[in-house]
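The values are calculated or read from the model by the stated rules, or taken from the named source; none is laboratory data. All of these numbers come straight from a predicted model, not from anything done at the bench. Ideal geometry is used to build each Cβ from the backbone, glycine not excepted, and the neighbour counts take in all protein chains shown. Keep in mind that these areas ignore ligands, DNA and RNA; they rest on the heavy atoms of the full protein, side chains included. Shrake-Rupley method; radii C 1.70, N 1.55, O 1.52, S 1.80 Å.
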Amino acid sequence: MKFNRSPIIEVENLSLVYEGETGNTVAIDNISFSIYIGSIHAIVGESGSGKSTLANALIGYIKYPMKRLSGLIKFNGKDIFEMDDEQLTKIRMKEISYVPQAAMNSLNPVITIRQEMHDIISAHAEIDKATEENMMREAINLVNLPEYVLEAYPHQLSGGMRQRVMIAIASVLKPSVIILDEPTTGLDVIVQKDILDVIKKINEKTGTTIVLITHDLPVAFYTSNRCSIIYSGKIVEQGDTTDIINKRYHPYTNMLISAIPSAKSKESKLNIIPGETETRKELDERCHFVNRCPYAVEVCRTTPLRPIDFDSDHSVLCLKYDDSYSDLFSQGSSSDKIYIGSKRLNIVSRLRNDTKHTIELKDVQKDYIVGRGNKKRIINAVGGIDLKIENGMGIAIVGSSGSGKTTIGKIMLYDETMTSGKYLFDGRDVTSPTKKNVAFMRKAVQMVFQDPFSSLSPLHKIGYQIARPLLINGVSKRETIDEDVMEILSLVGLRPAENFVNKYPHELSGGQRQRICFAKAISVAPKFLVADEPVSMLDASVRAEILNLMNDLKNELNLGLIYITHDLSTVRYVAEEVYVMHQGRFVEHGTWEDIIQTPSEEYTKKLLESIIW
């Protein structure tokens, strides 16, 4: 992908904050960078780093409580902040378009895609019907969608199709720049790769400059040719993407890359970045990665940073490369790769399974009936599958969205009733959802869901939400409950535990909330744990933490782990056996090595081809 190193967007000394009752919260802290004509420029950072705030600023969207303290953004040489609302309205969509996060939900549910595109075109251009029709078809074809999609309503399209429709709408007026905020979050790997290939196709065919906002490094590295790594509101490293991958000067960049799950890796655990991103109230030129950095020395806490320029338009914000301070830093650090494991705790003896248990599903089928009368039809969600797992082992059920893998997890919890087949626990038939079976199996099998926030009560503190199942299920007594809650929080890596017991879910990060969900799940002393896409919505570093945590809990508590995922690259860290699921059936089953090295089914090969790192 070739691009012109002349800037189309220039950001100079930009600082943005969010105003609040207790003062300002820093979002963007005095950053400067350029986006070049014809490039795909990725802005990469963890949740809370300021990247989505920056995306809004690039189109001039500065609304309360966001406030600009300083700086400017030039688009084609003109300062966006000097434009009034009328001028901004004219350039949005026509010259610079924006596809927001969760864009699939931005489509109007009561009009067709054709009407949606017509409304956009007619608001910015006076053209005849034939020209408009050609524009629509060209935009739809560009994103690899059939033309009948123009007549469809949003609910009639899959998630991947709706995302491509949003990209088509953003490109229909042929703007110079398209900004995409997390365009693949929540999509399975096959659809994700299709979307990323569409983005590259638009860039190559039309020369449109693409700004890609993402927390997912593999997405950025696969798609972009320029990359900015943002941390705590500052761009800590930027340059050509190949240089970022190969040189990774900043410790944060290096640790982020080391935390990416890889199908090629032989490591049994993922590296993590300890600690959390700090919320700041004031602008500050000092390093804010210092408390998480393995190279940090005392001077890092007190000295203002300045960008250090390298070759190929590559710069880094780190004192380690400043000639005035470089002698203070060691050349390497073993703590560059950090894994924090769990410590043996008293509660473990009550939660650990010391006897062998087995779950078997035999010829399980689940049908759904949709429609009425002549339009009634049967959808076979799960079609005669067999599965066996013992506690102490991990299996992965891998497949794209709609393959039926989540339905299997729900059948194990009786959230869905199978149409036919057998469900056995230690040889005992528990197929029928009787009151006795449900009470027994929901203690033996627990589930952790994809979205941790919706899995927790917003009304109760964390300590209460852990204590309640411990007491109800007889794992703890009232005289030891406070200590047991602290130990479970420590077991799932929330240390010191006293910092979490009195917090509400909204006060925690996504990774912390997911750890709480695991804490709740193990608090009933289950024999098996079903984890349904538990890392798909998390940042790279947090994803590594949760994968390590699952493996820890499996080994420490001798749990059987059923890991449901669309991402084959994460499987090897938690599972010994893999079931590949497609259209309701297991099309392939074997060890991780068998699946990755000698896949026999075309669908498995397609899943492997979709791994972009």
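Taking 4 °C and 1.567 mPa s as the conditions, I'd like the Stokes-Einstein D for region 141-218 in µm²/s, using the Kirkwood hydrodynamic radius from alpha carbon pairs. Display every interim value, and only then the final one.
On the way: Rh = 13.0 Å.
Here the translational diffusion coefficient equals 100 µm²/s.
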Magnitude of the Cβ-charge dipole (Lys and Arg +1, Asp and Glu -1) of the chain about the Cα centre, nearest 20 debye, reported as 1820 debye
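Could you pull out the trypsin sites (Lys or Arg not before Pro) across region 455-503 that fall in loop regions by DSSP (anything but H, G, I, E, B) with no more than 16 other Cβ atoms inside 10 Å? Mind dumping the intermediate values first?
Working: sites: Lys461, Lys477, Arg478, Lys503; in loops: Lys461, Lys477, Lys503.
The qualifying sites are Lys461, Lys477, Lys503.
Let me know the volume per residue of the alpha-carbon convex hull for region 44-111, in Å³. Provide the component values of the computation, followed by the final result.
Values: hull volume 9.8 nm³, N = 68.
That works out to 144 Å³ per residue.
Looking at region 361-458, what % of the alpha carbon pairs are farther apart than 19 Å? Kindly include the intermediate steps, with their values, before the conclusion.
Details: 2385 of 4753 pairs.
Counting pairs separated by more than 19 Å, the tail of P(r) holds 50 percent.
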For region 1-125, what is Rg from Cα atoms divided by 2.2 N^0.38 Å, rounded to two decimals? 1.18
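What are the semi-axes of the equivalent ellipsoid of region 193-299, taken as the square roots of 5 times the eigenvalues of the Cα gyration tensor, listed largest first and rounded to whole Å?
Details: eigenvalues 155, 74, 28 Å².
Each semi-axis is the square root of five times an eigenvalue, giving 28, 19, 12 Å.
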In terms of the alpha carbon gyration tensor, root eigenvalues a ≥ b ≥ c, rounded if a/c is under 1.5 and otherwise prolate when a/b exceeds b/c or oblate, the chain is oblate
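Quick check on the chain: helices-only [θ] at 222 nm, where DSSP H runs of length 4 and up contribute -39,500 (n - 2.57) each and the sum goes over total residues. Nearest 500, please. Could you put the intermediate results ahead of the total?
Values: 18 runs with 182 residues, N = 613.
Taking each H run of at least 4 residues, the total per residue is -8500 deg cm²/dmol.
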For the chain, accessible area per residue (1.4 Å probe, heavy atoms of protein chains only), Å²: 44 Å²
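Quick one: which of Lys193/Lys503; Lys193/Lys247; Lys201/Lys606 span more than 30 angstrom between C-alpha atoms? Display every interim value, and only then the final one.
Numbers: Lys193/Lys503 38 Å; Lys193/Lys247 25 Å; Lys201/Lys606 20 Å.
Among Lys193/Lys503; Lys193/Lys247; Lys201/Lys606, the Cα-Cα distance tops 30 Å for Lys193/Lys503.
Nearest 0.05, what FRET efficiency do Glu12 and Tyr148 give at R0 = 56 Å with Cβ-Cβ as r? Kindly include the intermediate steps, with their values, before the conclusion.
Numbers: r = 46 Å, r/R0 = 0.83.
FRET efficiency, Glu12 to Tyr148: 0.75.
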Over region 85-134 - Rg/Rh using Cα atoms and the Kirkwood inverse-distance radius: 0.99
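So how many Å³ per residue does the convex hull of the Cα atoms of region 290-333 work out to?
On the way: hull volume 3.8 nm³, N = 44.
Dividing the Cα hull volume of region 290-333 by its residues yields 86 Å³.
Pulled fully out, how much extra length does the chain show between Asp84 and Glu360, if you take 0.36 nm times their separation in residues and subtract their Cα-Cα distance? Don't jump to the answer; show the numbers that get you there.
Values: separation 276, 0.36 × 276 = 99.36 nm, distance 6.52 nm.
That works out to 92.8 nm of additional length.
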Accessible area of Lys388, 1.4 Å probe, to the nearest 10 Å²? 100 Å²
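When the convex hull of the C-alpha atoms of region 56-158 is computed, what volume per residue in Å³ does it have? Could you put the intermediate results ahead of the total?
Numbers: hull volume 14.5 nm³, N = 103.
With only Cα atoms used, region 56-158 gives 141 Å³ per residue.
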Interatomic Cα distance distribution for region 264-305, bins of 10 angstrom, percent: 24, 40, 21, 13, 1
Take the alpha-carbon positions of region 467-589, form their convex hull, and give its projected area averaged over all directions (one quarter of the hull surface) in nm². 8.6 nm²
Please identify the trypsin sites (Lys or Arg not before Pro) of region 42-133 that satisfy two criteria: DSSP loop assignment and at most 15 other Cβ atoms within 10 Å. Which are they? Lys63
Using a basic spin-label model with each label point 7 Å from the Cα along Cα→Cβ, how many nm lie between Thr598 and Ala125? 5.6 nm
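Heavy atoms only, 1.4 Å probe, whole protein assembly: order Tyr464, Tyr148, Tyr603 by accessible area, highest first.
Numbers: Tyr464 110, Tyr148 145, Tyr603 30 Å².
Descending order: Tyr148, Tyr464, Tyr603.
Would you mind telling me the antiparallel percentage of the DSSP bridges in the chain, rounded to 5? Walk me through the numbers on the way to the answer.
Working: 54 of 91 bridges.
Within the chain, antiparallel bridges account for around 60 percent of the total.
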Nearest-10 value in Å² for the accessible area of Phe453, using the 1.4 Å probe: 90 Å²
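Accessible area, 1.4 Å probe, largest first: how do Leu489, Leu424 sort? Don't skip to the end; give the middle numbers.
Working: Leu489 0, Leu424 25 Å².
Highest to lowest solvent-accessible surface, that is Leu424, Leu489.
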